[in-house]
Structures are given as structure tokens and as C-alpha cells.
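The values are calculated or read from the model by the stated rules, or taken from the named source; none is laboratory data. Predicted model, so just to flag it, every value in this text is computed and none were measured. Here the Cβ positions follow ideal geometry from the backbone for every residue, glycine too, while neighbour counts run over all protein chains shown. Surface accessibility is based on the protein's heavy atoms, side chains included, excluding ligands, DNA and RNA. Shrake-Rupley method; radii C 1.70, N 1.55, O 1.52, S 1.80 Å.
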Amino acid sequence: MNEDRRHFLASLGLLGLGGTSHVEALEHLRAAFTQALPGDHRVEDWEEIAWEHGLAYLTSPPEEVVLPNLAADLTAIQAAIRQASDEALRRRLCSPGGRLAALVAMTTGALGDHRQARDWWAAARHAADASGDRDLQVWVRGYEAMSSLYARRPLKVVLKRAEEAIAIAGDRRPGAAVLEAMAARAQALAIGGDRAAAEKTVTAMNRLFEALPASSADDRLSVTAWPETALRHTQTFVFTHTGHMRAADQAAAAALSLYPDSMPRQRAQIRLLQAVALARQGDVRAALQHAHQTLDGLNADQQTTGIRRVAAMVADAAPAGRAHAAAVAEYRERLALPATGSWM
């Protein structure tokens, strides 16, 4: 009791000092106040915080808005886990903690810091495993597989992580969390040229998706939901790479009709995949024009490595030859430039 009083008075003293930040003092007061309350709602509060960060990741520039807030909340939840009254509570807090760590991994990966992303994915996996939450274990590994794909890590690494998630989910009522792992698997197989296995995975995803309740596009990073936008996005990617262009066109149209304007990165990825399809069909001029227009319409702070990865696929899909060599080279030069300045 005396120790709590000393912390309280010290915090009040900090609040009264001119020019001193009130953030640390207020945080001490809030933590002490929360611990004094009957019951424990901290896990529920942290789950809501993690959900809000997921929504911010989907819609906001990652460096300017998402990362600083994530870092602040990760610092706070570390303290909450350390101060938890028992082992069961610590494990429950590892669930939102693991989601926040995964969001840091996604954000650093989107900003091109793949070493940081790799290490944060490992931290997220450890937190998910410590929580004992099977769905979270599946979810973290599935999104790590997808992020690894867009970071151009070896396909063997992508498939290993995806298969881990699918194995943990199991065959009996696997739930929505496994769909991201299946999506990563299907896309990796399509890139690797195993068309039959990629499309077989998409068919299995369709069956599982039909059994899920409807969800909105901003539930993409939910552990318990997987929206139709994610399914159509996956279909667009896979069918574009396996050469089923009519199915790819239909999936792209469906995705664009479902993605809200508040998700410009996701809409841009679909449009870039449409450009990939044009290039694969030999219409390189139209493909490059479509890609340039898509990039011109996307703010520089939204041009993440995921966008650049799909944008590079447009040039990669162009048939070899001299007819469009100069235009393709110019487009590749554009992709090599920093996201600021020329892409505004």
C-alpha cells in the first residue's frame, strides 16, 4: 500500500513539473488504477485495441500512422503481461499481444524492412504458441506465409509456413483462420507453376468459405472471419497466374465491387493484377498503361512493398522481344525509384 502511494505521489509530481511530458505519469496512474479495480477486463480491452490496429493497417499509411501507435501499445501490453496476477492471465494477454506483434511484422514488411519483419513474425509465433489459442497460431502463420510471399522469400519458406498453419488447423472444423494460409499456399503454387495444385487449393477454399458467416472487408485481419474480398483477391491472383483469364476477370470485377474506397492499396493490387493479365495475353502496351495509371492514382505513402511486388509482376509477365523492350525498361526504372517524389 505504501509503495503504491509513493508511485501515486511521484506521478502527481511529474504531472506538476513544467515542460515535462505527462504521458509516462498518466500511464503509471492508469496502470495502478486498473489493477485496483475488481474483476479483470484487460484482455477484452486489448482485443479491441488489436482489432483497431488491424483496421488502421488496412486503411492507413503504415509509417506515419500505424507503426508509432503499434509501438506504443506493444510497450504497454508487455508491461501488462509482466504485471499479470497469474499464469492464466498472462497466457490470455499473449493472444492480443501476438496479434499486435504480427501487425508490427506486417507493417515493417510493408515498409521494406524484411529483416525486422522476419524477427517480428518469430515473436508473433512465440506469443501465439504461448497463448494456447489454436486459431491465433493458425492465423499468425498464415499471414506470415502471405507476407513472406510478397517479400519474395523462397517459395519453400512460404509453403512451409502455410503448411504448418494448415496442419495446426486440422481437418475437423478448421475455421476461418486457416483461409489465409490456404490463400498463401495457392498463390505460391501458382507462381511456382503447379497450376493443378494451386487451383485445387482454391476449390477447397471455396468450400470452406461457403460455410462461414458473412463478414465485411475490414474484417480481413480478424482471427475469426475472412471476408469475400479476400477470396476474390486470391482467385484473381491464382487464375491470372494459371492462365484462366476469364475466371481471373470475373474475380477481379467482384473484388473491385466489394473493396471500399477506404482500401486504396487493396484496390490497386487488383488493378495491377489486371495489368498482369493483359501482359500475359500479349497486350503489353495496354498492360503498362494500366499499371502506370494505377500507380499514378495511389499516394506515395500507400505504395508499400506489396504494391511494388505486384507492380513488378506486370513487367515480368511481358513476353520477351524487342517490340516493347524500351517501354518495359522504362517501367522497371520507375519501380526502382523511391516511392516519394515521382510517384506522387
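Relative to the Cα centre, what is the charge dipole magnitude of segment 222-344, using +1 at the beta carbon of each Lys and Arg, -1 at the beta carbon of each Asp and Glu, and rounding to the nearest 20 debye?
Details: 12 positive and 9 negative charges, 42 e Å.
Once rounded to the nearest 20, the dipole reads 200 debye.
Give me the orientation-averaged projected area of the Cα convex hull of the chain, in nm², one decimal. Working shown, then result.
Working: hull surface 79.5 nm².
The directionally averaged projection comes out at 19.9 nm².
Suppose R0 equals 41 Å. What FRET efficiency, 1/(1 + (r/R0)^6) with r the Cβ-Cβ distance, do ARG322 and ALA196 give to the nearest 0.05?
Details: r = 34 Å, r/R0 = 0.83.
Computed FRET efficiency for ARG322 and ALA196: 0.75.
Can you pull the one-decimal nm distance between simple spin-label points at ARG309 and GLN281, each 7 Å off the Cα toward Cβ?
Once both label points are built, they end up 2.6 nm from each other.
Quick one: accessible area per residue over the chain, 1.4 Å probe, rounded to a whole number of Å²?
Values: 17050 Å² over 344 residues.
So the chain comes to 50 Å² accessible per residue, rounded to a whole number.
How high is the relative contact order of the chain, in percent, counting Cα pairs under 8 Å that sit 6 or more residues apart? Mind showing how you got there, number by number?
Numbers: 471 pairs, mean separation 39.0, N = 344.
Averaging sequence separation for qualifying contacts and normalising by length gives 11 percent for the chain.
Among all stretches of the chain without exposed trypsin sites (Lys or Arg not before Pro) (DSSP loop, at most 13 other Cβ atoms within 10 Å), which one is longest? Please report the intermediate quantities before stating the final value.
Values: sites that count: ARG152, ARG172, ARG322.
After excluding every exposed loop site, the longest remaining stretch is 1-151.
Quick check: at a probe of 1.4 Å, how many percent of the accessible area of the chain sits on carbon and sulfur atoms?
Numbers: 9040 of 17050 Å².
The C+S portion of the solvent-accessible surface of the chain is 53 percent.
Beyond 15 Å, what share of the Cα-Cα pairs of segment 172-218 is found? Please give it as a whole percent. Let's see the in-between values first.
Values: 493 of 1081 pairs.
The answer is 46 percent, as a whole percent.
Starting from 0.36 nm per residue, how many nanometres of slack lie between ALA336 and GLU210 once their C-alpha separation is accounted for?
Working: separation 126, 0.36 × 126 = 45.36 nm, distance 4.09 nm.
Result: 41.3 nm gained on full extension.
Compute the Rg to Rh ratio over segment 267-321 from the alpha carbon atoms, using the Kirkwood formula for Rh, and round to two decimal places.
Details: Rg = 10.5 Å, Rh = 10.8 Å.
My calculation of the ratio gives 0.97.
What percentages, rounded to whole numbers, describe P(r) for segment 125-244 computed over all alpha carbon pairs with 5 Å bin width beginning at zero?
The percentages, shortest bin first, are 2, 13, 23, 26, 21, 11, 3, 1, 0.
Rg over Rh of segment 210-344, using C-alpha atoms and the Kirkwood radius, what does it come to?
The Rg/Rh ratio comes out at 1.00.
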